[in-house]
Amino acid sequence: MKVGTLLIHNGHETDKTLGIPTGALGTPIYQTSTFEQGDFFKSGKTQEFDYARSGNPTRKALEETIAALEGGARGYAFSSGIAAVSSALGIFAAGDHVVAAEDIYGGSYRMFNTFYKRWGLEYTAVDASDPDNIKKALKFNTKALFLETPSNPLLKITDLRACLDIARSAGLVTIVDNTFMTPYLQRPLALGADIVIHSATKFLGGHSDVISGLAVTRTEELGKRLYAVQNGFGAVPGPWDCWIVQRGIKTLKVRLEAQQDAAMRLALWLKEQPNVEAVYYPGLAEHPGRAVHLAQADGAGAVLSFKTRTIEQARRFLAKTRLAAAAVSLGGVETIASYPVRMSHAAIPPAERARLGVTDTLVRISAGIEDADDLIADFSQALE
Ligand SMILES: *Cc1c(COP(=O)(O)O)cnc(C)c1O
């Protein structure tokens, strides 16, 4: 089955959590911290659930759903996307070395550069748009490669197959943050990755109403290692949040198709505007990474960015747009316009931002499901 069908038919069409056929089309929310274990003392029978940090039936339904969608052995849910990133890195030890793409999500960069560095996990950032840079960064103690494509906020493309091949021959565990694409558009495990990460806060939840993270492992063995961190580190989500994400996933296809269409319309329109200097969207024919992207993904996604000619124009756009929320985050049904230098990339030193091309004129758009004609009319008055 295609992912569009799997979003609905993934083993959780009806509730399986009770072991009795209630026929319920929704998964119950098990709002409990603990599970009665009397049977063990009566008959020695062990049971699947004992304490809700270790496992909860609502969470399990979501974890099995994301594993099915990404085509992996095991899925795990976390209290945020960053909790999923931190927990995945938690399978490594002090003295291990990780190679990561230099333009990964700002919060992931911070985990590497502050938190895990203090705990002795070595880290090298490379420009992964040239896979040779990964080869050059390998050391005797390199254990993992961490990638994200398209990148944020400039939508640069990393050749997943080429990079994952290099990593496999070096025996590395490969981790791909698939938040921007979702399994509907890109399935990194099928391209050779070992662990896929999501901020389910974004497209999977899809309604800007929950903070959530997910991870899927290619093998059972990696699944066991990640489960030890999920249970031991303890950054787990509550059952309500799992239920909200599980419900959001059901409509991922229709949302993302509509958002992607709107993103393409906006990109084509923006590049004709006199006050726009550049547009970054892998759906555009002139995008340098377009061919590589379309060889590894089924669409260009719903995030794009553009540079105005002056700083004033960018700031005025954010002040004047009525349909786009000037906010951080992305992937929701509502269009969001963010200003990376003051938001996602505020913590990165100005010189480093300049090197990465994140200027004061850059605006990032996450297209929502509004009518694209209305978005264009609104952007038009905001850019005047
Ligand atoms: C938002 C985001 C994260 C972090 O997720 P949270 O849910 O905010 O913790 C990680 N990676 C990417 C690509 C993101 O966009």
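Brief remarks follow.
- Helical contribution to [θ] at 222 nm, DSSP H n ≥ 4, -39,500 (n - 2.57), averaged over the chain, rounded to 500: -10500 deg cm²/dmol
- Taking Cα centre as origin and charging only the Cβ of basic (Lys, Arg, +1) and acidic (Asp, Glu, -1) residues, the dipole magnitude of the range 98-198 rounds to 300 debye.
- Folded to 0 to 90 degrees: helix 372-383 orientation relative to the chain principal axis, Cα: 50
- In this rough spin-label picture, where each label sits 7 Å from Cα along the Cβ direction, the Arg225-Asp209 distance is 3.8 nm.
- Within the accessible area of the range 231-292, the carbon and sulfur atoms contribute 56%, probe 1.4 Å, all protein chains present.
- GluC sites (Glu not before Pro) within the range 212-297: DSSP coil, no more than 10 neighbouring Cβ in 10 Å: Glu272, Glu286
- Inter-label distance for Lys136 and Val333, nm, one decimal - labels placed 7 Å from Cα along Cα-to-Cβ: 4.8
- Placing a label point 7 Å from the Cα of Phe233 along the Cα-to-Cβ line, the residues of the range 166-187 whose backbone N sits under 17 Å from it are 173-179.
- Peptides 125-131, 297-303 ordered by packing proxy, namely the average of other Cβ atoms within 10 Å per residue, highest first: 297-303, 125-131.
- Cut-off 15 Å, label 7 Å out along Cα→Cβ of Tyr51, residues of the range 213-236 by amide N: 228-236
- Among beta bridges identified by DSSP and lying wholly in the chain, the antiparallel ones come to about 55 percent.
- Descending by average beta-carbon neighbour count within 10 Å, the peptides 177-183, 1-7 line up as 177-183, 1-7, the highest first.
- Per residue, the accessible area of the range 12-250 comes to 41 Å², computed with a 1.4 Å probe over protein heavy atoms only.
- Residue separation of Glu352 and Ala73 scaled by 0.36 nm, minus their Cα-Cα distance, works out to 96.6 nm of gained length.
- Dipole magnitude (debye, nearest 20) for the range 12-250, charges at Cβ of Lys, Arg, Asp, Glu: 260
- Computed from Cα positions, the angle between helix 311-320 and the longest principal axis of the chain comes to roughly 60 degrees.
- Between helix 57-70 and the chain: long-axis angle, C-alpha atoms, 0 to 90°, nearest 10: 50
- Computed across the chain, the Kirkwood hydrodynamic radius from all distinct Cα-Cα pairs reaches 21.6 Å.
- Taking the Cα atoms of the range 254-383, the ratio Rg/Rh between the radius of gyration and the Kirkwood radius comes to 0.95.
- Sparsely packed loop sites in the range 35-91 (the trypsin sites (Lys or Arg not before Pro) outside DSSP H, G, I, E and B with at most 12 other Cβ atoms within 10 Å) comprise Lys45.
The values are calculated or read from the model by the stated rules, or taken from the named source; none is laboratory data. Source: prediction; values computed, not measured. Note that each Cβ is placed from the backbone with ideal geometry, even for glycine, and that neighbours are counted across all protein chains shown. Keep in mind that these areas ignore ligands, DNA and RNA; they rest on the heavy atoms of the full protein, side chains included. Shrake-Rupley method; radii C 1.70, N 1.55, O 1.52, S 1.80 Å.
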